[in-house]
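Engineer: Sharing a structure below in structure tokens format, with a few things to ask.
The values are calculated or read from the model by the stated rules, or taken from the named source; none is laboratory data. All values derive from a computational prediction rather than experimental measurement. When we count neighbours, we look across all protein chains shown, and the Cβ atoms used for this are built from the backbone with ideal geometry, even at glycine. For the accessible areas, the whole protein counts, side chains as well, though only heavy atoms, and no ligand, DNA or RNA atoms are used. Shrake-Rupley method; radii C 1.70, N 1.55, O 1.52, S 1.80 Å.
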Amino acid sequence: MSSQSQNEWGEWQKHGARGMSGGHALTEEIDRVVRAHGIASPVTSKRGLTARLRYLDSPAGRAALRAAGAGPRTIRDWYAGRTSPSRASREKIDAAYWDRRRENLIRSGQLKRYFNNQGRGVRMEIYPVDQTQVPEKYRRPNVQDRSIQVRYVWNDAVDAFAAADTATLDEIWDDIIADLDSDWIAYAYVAGIGTNA
């Protein structure tokens with residue numbers, strides 16, 4: 001979050017409000033969209049495991065498996081059908097799969113195309129911080145869910161997501177909420193967001 005937003009919002013968690021920075025919410029939402037464009041079957045199922053191993057059956061995929069902590073011999077045994085991955089190994093396979101899937105969606109431009117939606121952008125639902133644990137006298141009044149159309153930021157947002165650049169995502173969030181009239185600073189931190197192209 002930019003220092004301007006930080007200073008205007010103040011110590012937003014001091015009295016028990018729960019949420020996250022807008023940049024963090026953007027990261028979570030982009031990752032949710034990545035997962036919506038991947039294998040739906042869980043890695044704990046035979047189908048989900050087989051599909052992930054098939055997807056990772058390439059030099060880059062095997063490198064992702066090694067980066068996730070699987071040894072070369074173990075990987076060879078999986079592909080040769082000599083051993084079945086343990087529960088811990090399935091978690092490594094799942095992590096490697098999502099890393100590769102995320103990279104491929106970013107590299108191919110598919111993620112940017114989804115969010116840009118042929119120039120129309122996406123409808124974004126913004127859910128304000130959860131103030132249910134905040135004593136009444138400290139609550140920000142009249143902070144409601146908001147819905148806005150978000151365009152033009154997605155190329156930069158996906159690039160920042162790919163680079164794990166939280167500072168840029170926070171700046172992009174400041175640009176998004178600047179369109180929320182005079183109460184925009186109440187959305188500097190949020191419980192979450194959702195998008196729909």
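Engineer: Among residues belonging to the range 176-190 that are farther than 13 Å from residue 140 by Cβ and buried (at least 16 other Cβ atoms within 10 Å of the Cβ), point out the one that is farthest from the chain's Cα centre (by Cα).
Structural biologist: 177
Engineer: Which of the residues spanning the range 153-193 are touching a residue at least 60 places away in the same chain (Cβ under 8 Å), over 22 Å from residue 99 (Cα atoms) and of a type outside the set (A, V, I, L, M, F, W, C)?
Structural biologist: Result: 170, 171, 174, 187, 189, 192.
Engineer: Need pairs with beta-carbon distance below 7 Å; first residue free of Cβ contacts under 8 Å to residues at least 12 places away in the same chain and within the range 92-110, second among the small types (Gly, Ala, Ser) and in a helix (DSSP H, G or I); sequence gap 6+ or separate chains.
Structural biologist: none
Engineer: Further question on the same structure: For residue 51, are the conditions met, namely being small (Gly, Ala, Ser) and open to solvent by 70 Å² or more (accessible area, probe 1.4 Å)?
Structural biologist: Here the answer is no, as residue 51 does not meet what is asked.
Engineer: Give the residue that is farthest from residue 92 (Cα to Cα), with candidates limited to residues of the range 54-67 that are of a type outside the set (Phe, Trp, Tyr) and open to solvent by 60 Å² or more (accessible area, probe 1.4 Å).
Structural biologist: 59
Engineer: Would you point out the residue of the range 131-161, among those that are surrounded by fewer than 19 Cβ atoms within 10 Å (Cβ to Cβ) and in contact with a Gly (Cβ under 6 Å, 6 or more places away or on another chain), that is farthest from residue 191 (Cα to Cα)?
Structural biologist: Out of the qualifying residues, it is 151.
Engineer: When you scan the range 86-101, do you find a residue that is open to solvent by 40 Å² or more (accessible area, probe 1.4 Å), aromatic (Phe, Trp, Tyr) and out of contact with any strand residue (DSSP E or B) (no Cβ under 9 Å at 6 or more places or on another chain), even just one?
Structural biologist: No - not one qualifying residue is present in the range 86-101.
Engineer: A follow-up question, please. Looking at (1) out of contact with any Phe, Trp or Tyr (no Cβ under 7 Å at 6 or more places or on another chain); (2) surrounded by 15 or more Cβ atoms within 10 Å (Cβ to Cβ), find the lone condition where residue 167 falls short.
Structural biologist: All conditions pass for residue 167, except number (2).
Engineer: So which residues in the range 68-79 are closer than 17 Å to residue 46 by Cα and open to solvent by 60 Å² or more (accessible area, probe 1.4 Å), if there are any at all?
Structural biologist: 79
Engineer: Okay, next question. Residue check, residue 35 against (1) open to solvent by 40 Å² or more (accessible area, probe 1.4 Å); (2) farther than 30 Å from residue 172 by Cα; (3) not hydrophobic (A, V, I, L, M, F, W, C), all met but one. Which one?
Structural biologist: Going through the list (1) open to solvent by 40 Å² or more (accessible area, probe 1.4 Å); (2) farther than 30 Å from residue 172 by Cα; (3) not hydrophobic (A, V, I, L, M, F, W, C), residue 35 breaks only (2).
Engineer: Moving on. In the range 33-53, what residues are in a helix (DSSP H, G or I), touching a residue at least 60 places away in the same chain (Cβ under 8 Å) and farther than 19 Å from residue 91 by Cβ?
Structural biologist: If the condition is that a residue be in a helix (DSSP H, G or I), touching a residue at least 60 places away in the same chain (Cβ under 8 Å) and farther than 19 Å from residue 91 by Cβ, then 33 is the only one that fits.
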